[in-house]
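Every read-out reported here was derived from the displayed coordinates using simple, explicitly stated rules and does not represent laboratory data. Just so it is clear, the model here is predicted, and its values are computed rather than measured. So basically every Cβ, Gly included, is an ideal-geometry build from the backbone, and we count neighbours across all protein chains shown.
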Amino acid sequence: MDTLGIDVGSVSAKAVVLSDRGDVRFEAYRRTQGRPLDAVAAVLGEAVAALGSGTPLAGAVVTGSGKALLAGALSAEPINEIVAQATAAWTLHPEVRSIIEIGGQDSKFIRVGRGADGRPFVADHAFNELCAAGTGAFLDQMAERMGMPIEAFAAASVNAVRPARVAGRCSVFAKTDMIHLQQRACPPGEIVAGLCFALVRTYLASLCHGRAPEPPILFQGGVAANDGVARALIEVLHLAEGDLVRPERHKVMGALGAALLAREHTWPTPVLLGELAARIPTRAEEPERVSGLAPLASGGRVALVDRGSNDAGTATDAGPTARSTADTVFLGIDVGSVSTKAVAIDADGLLAASAYLPTAGRPVDAVHAVLDDLRTRLPPDVRVARAVTTGSGRHLARDLAGADEVIDEISAQARSAVHFVPDADTIFEIGGQDSKYIRLTGGRVARFQMNRACAAGTGAFLEEQSGRLGIDIRRDFAAAALASQAPVRLGSRCTVFMDSDLVHHLQHGASTADLCAGLAYSVARNYLDKVVGSRPVGARVVFQGGVARNTAVRAAFEQILGHAVAVHPCPETSGAWGAALIAREAALRDVASRDAAPSRFRGFATPREAVGIRTFECASCENQCEIQQVNTGEGRRSFFGCVCGRFERGEDLPVPAGDAFATRERLLAGQGEALGDAELADLRRTVENTIQVVLLGLRPLGKGGPGRPKDR
């Protein structure tokens, strides 16, 4: 007698009907589009049409993330998806040793063991975290951004000669890499292939944790249909022919395993297929949403000391109210991954001019452009007394502009906040792709934390979701969110997974205003959960970075924290402000000590012909960052594009290669013997390496270093 297996995932619903001989009598795959019960009802309706409503079933098993929706209504046994996937794999392919399963929002790794009797069992397994990198959702969104159907997207990657390098981190950050590649006229096939390789690297790093899957490997799940991902797995894992197997029914392996397991979970009496299909719960009216989230209120902006005018007042969105006309200024330049900013102030701390431009993956051009823009806003005979650079491209900006000093962005943000809010004790800084938490004690940095490679809780998160809702993030988002009376609780998930939640709530009648308010809460909650964590938040919080312009996000922070949050008067240029203030203080100290020297600043029209750019790929981790090495012609080298900061100190190999455990074993084996100079040097390098790996979270470089520089 037949058995039924149903797999309800986050993206799709699958069903398989097996005969008592193990033949597949029916199979179906359908995307849920946020309505899993409707999708299951449609799939079983197809089964009834194909097999007849009078087909008797001996039993049914449901699996997948949505199994709880159906188990009770169908009197079916709920089974863990790892067991279902593994059962289907070793039944169809008894030789399997490893299973790679990649679906829409979930991915799994299963290692198959063998008992003394030869019977297979699940020896180990791993699930993906709440991140879309390494799942089908990553590819779906990339295909949509490139304007390609997913089928054409998959086909485009197969024949790419040289896959482009795309960071295998957050899919929102990968979008930035993709845009930069398109701007350089990289062929679409190479971009698509690069995205497939990025997905594979992230999957292996996140789920396999350095252990290479043992062949033969079964590749299943919806993404197994993508030839580009299969190619990437073969090349990255250096697999021989036949080592990677894609089952014929790779899309429905979970449902197939459930149908096989249903033989062990039969009903006392058979149930007709048509009767079972009729038990699927119909989509009733959505119950009244009780999110527990209070409506957002913009309130009044917290009064700050407007240091730009040296008068007490209320800072406005336009920034400090007074403008300097001095002929001597102090310059701060902030080069970030998304934008490049510059601020010029006078000796009294008054703003003389500021500029804000996108970096667009071309930091050299961005530095030149922002200086050109600033020059048009300043008097023609202005003199720069001192220049300081900050941000991820601070070393590059220093070499290009001839700045006098380089400071890290934590110090710059802290100095900027304390200037405008002297009693500040906590700083929330949220930019386009980066976010920072800074705790201050007596105006000094006591502790800090930056976001990992995840866009949730950044400006990119809001921009992505606003685009999904079809509204302008700058013009419409905050007004809509503040008008909501019933914000939707969206949680703190990956920005790509949030797409499914938005579709679900839209289909069930949620208004755009309620979703905007829910997104404002979500970005605040993501930031507090993933960046701040358990670290203390004080009573005097200053909100900085471009996202601080969004009054709805600020209101969400105030609702969650239960007290007012001050907003920097120039939030998007707060880092450049801090650099300018530090430049001013250092110059005034030099004057006071009569040790003043002319600034090394080259001028706003910096020479461009002497700049040479070479790129190489850092192979130290799964991000595979493309690093730009900039030579200014004066023997100085600067680097840009590294996510982890490995190259910020201007060194090719700042983390020496070495295996701390191998060194320990070698030293233990030779205990009692005096160490020679070479062994001491090796030990010193190993200790330095270990300290950096532990404290900075970096991986030691391989023997080949970060990659071989090459001209592009």
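Remarks
- Taking 376, 573, 551 and counting other C-beta atoms within 10 Å, the order from fewest to most: 376, 551, 573
- Along each principal axis, Cα extent of region 1-51, largest first, Å: 35, 20, 12
- Full extension of the chain segment joining residue 476 with residue 117 gains 122.7 nm, where the gain is 0.36 nm per residue of separation less the Cα-Cα distance.
- Whole-angstrom Cα spans of region 368-492 along principal axes, big to small: 54, 37, 28
- Region 144-167 and region 35-84 have Cα centres separated by 34 Å.
- Cα extents of region 1-134 along the three principal axes, largest first (Å): 43, 38, 23
- In region 327-581, a dipole from Cβ-located charges (positive for Lys and Arg, negative for Asp and Glu) runs towards its positive end, and of 389, 427, 328 it is 427 whose Cα lies farthest in that direction.
- Translational diffusion of region 75-137 was estimated from the Stokes-Einstein equation, with Rh taken as the Kirkwood radius over Cα pairs; at 25 °C and 0.890 mPa s the coefficient is 193 µm²/s.
- Counted by neighbouring Cβ atoms within 10 Å, the residues 90, 577, 267 run from fewest to most as 267, 90, 577.
- A protection proxy built from the mean count of other Cβ atoms within 10 Å ranks the segments 535-546, 238-249, most packed first, as 535-546, 238-249.
- Least to most buried among 458, 3 (fewest other Cβ within 10 Å first): 3, 458
- Against the empirical curve 2.2 N^0.38 Å, the C-alpha radius of gyration of region 327-581 lands at a ratio of 1.03.
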